[in-house]
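Trainee: What follows is a structure written as structure tokens; I'll ask about it next.
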Amino acid sequence: MTEQAASGTAEPLCDRARALAAAPGAHSGDGLEERIALLRRAVASREPSAPGLLAHAYLDRGDRREAADVLVPAVMSRGETDLAGLLGETLAGIGDHEAAESAFLVGLDAGDPAATNDYGVFLRGRGRTQEALYVLDRAVRLGDELAALNLVALHLEELDDPVTATELAEELLDSDRPATLLALADCRLAAGRVREAGDLYRRAAEGDGPCAHIYYGWFLRDRHDDLAGAEEQLRRAHEVDEPGAPFHLGRFLLDHGRRDEAQAYIEEAARRGDPDALAVLEMQYRGLVDEFDD
């Protein structure tokens, strides 16, 4: 949130757009177009929250370049560092990695926890593991919600170091921060301690941790063959808009032969720029969807 928004500046157009965003079907169709029109006016009226809200609306429509066009002046010229992570992710999504890194660094220099975490994930994706370790450790110390999970995953998966990963997960464990429960759950699962892992995933989901319903849903399917429980968790993830939820729900439905139901979720994820969803759609067009494996 910008300083002006936090101070109580009136935002009538943004407030109307927020109400539209909370309505059913807000991420597509006429409701989305109305929201974008409102937020364009809000940007012109200099309502403080408008650039971020408009960028999110453009991303809902799959217009990453338009989102970047809104965010670049906000971050790089006006110094709205709370939007730096979103700009970095948006630029990375359109393949402009150099500009994305510059945006992430604005957030890093400002000590923004989310941008610092996002930068660490970006570095990992670029194969810059040692830099990612440093940046994610910094994000943990800044208090980002997901940084502990990402740091532990880097040790567990990229570095193949379950001992260090487990030590970190145990050190960072905090029942009031559900993502730390997920980090330890992953370590317990890697060690074959399935019952303990399940309890941790469940507790994280009950605490509405970021991405927790997704993690718990796949655990229920893959470790307990509990299809009803898994679907319930993945639908809940979609309801609360966990990152990547449309793809995960769509993939679950696709895996279990419910292609017609899956299609809308896969398309929603692809519209938002999810690379896995884009790969599924490409394989559908080539008749290869059954061979897709994430």
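Read the figures in this text as sums done on the coordinates, not as results from a lab. Note that the structure is predicted; figures quoted are calculated from it, not measured. When we count neighbours, we look across all protein chains shown, and the Cβ atoms used for this are built from the backbone with ideal geometry, even at glycine.
Trainee: In whole Hz, with x marking every Gly and Pro, tabulate ³J(HN,Hα) for the range 62-76 from phi via Karplus 6.51 cos²θ - 1.76 cosθ + 1.60, θ = phi - 60°.
Mentor: Running phi through 6.51 cos²θ - 1.76 cosθ + 1.60 with θ = phi - 60° gives x, 9, 5, 5, 5, 4, 4, 4, 6, 7, 4, x, 4, 8, 7 Hz.
Trainee: Sticking with this one: Which of the peptides 161-170, 229-238 is most tightly packed, and how do the rest follow, judged by the mean count of other Cβ atoms within 10 Å per residue?
Mentor: Highest mean packing first, the order is 229-238, 161-170.
Trainee: Next question, about the same structure. Based on the mean of other beta carbon atoms within 10 Å per residue, what is the order of 109-119, 62-72, most packed first?
Mentor: Ranked from most to least packed, the peptides come out as 109-119, 62-72.
Trainee: How high is the relative contact order of the chain, in percent, counting Cα pairs under 8 Å that sit 6 or more residues apart?
Mentor: Contact order relative to length: 9 percent.
Trainee: Here is a further query. Do the sum for the chain: with -39,500 (n - 2.57) for every DSSP H run of n ≥ 4, divided by all residues, what is the mean residue ellipticity at 222 nm, to the nearest 500 deg cm²/dmol?
Mentor: Calculated from helices alone, the mean residue ellipticity at 222 nm is -21500 deg cm²/dmol.
Trainee: Next question. Would you kindly calculate the mean projected area, averaged across all directions, of the convex hull enclosing the Cα atoms of the chain, in square nanometres?
Mentor: For the Cα atoms of the chain, the hull's average projected area reads 15.6 nm².
Trainee: Specify, per residue and in Å³, the volume enclosed by the convex hull of the alpha carbon atoms belonging to the range 161-243.
Mentor: Here the figure is 81 Å³ per residue.
Trainee: For a quick protection proxy, order the peptides 38-51, 92-105 by their average other-Cβ count within 10 Å, most packed first.
Mentor: Top to bottom by mean Cβ count within 10 Å: 38-51, 92-105.
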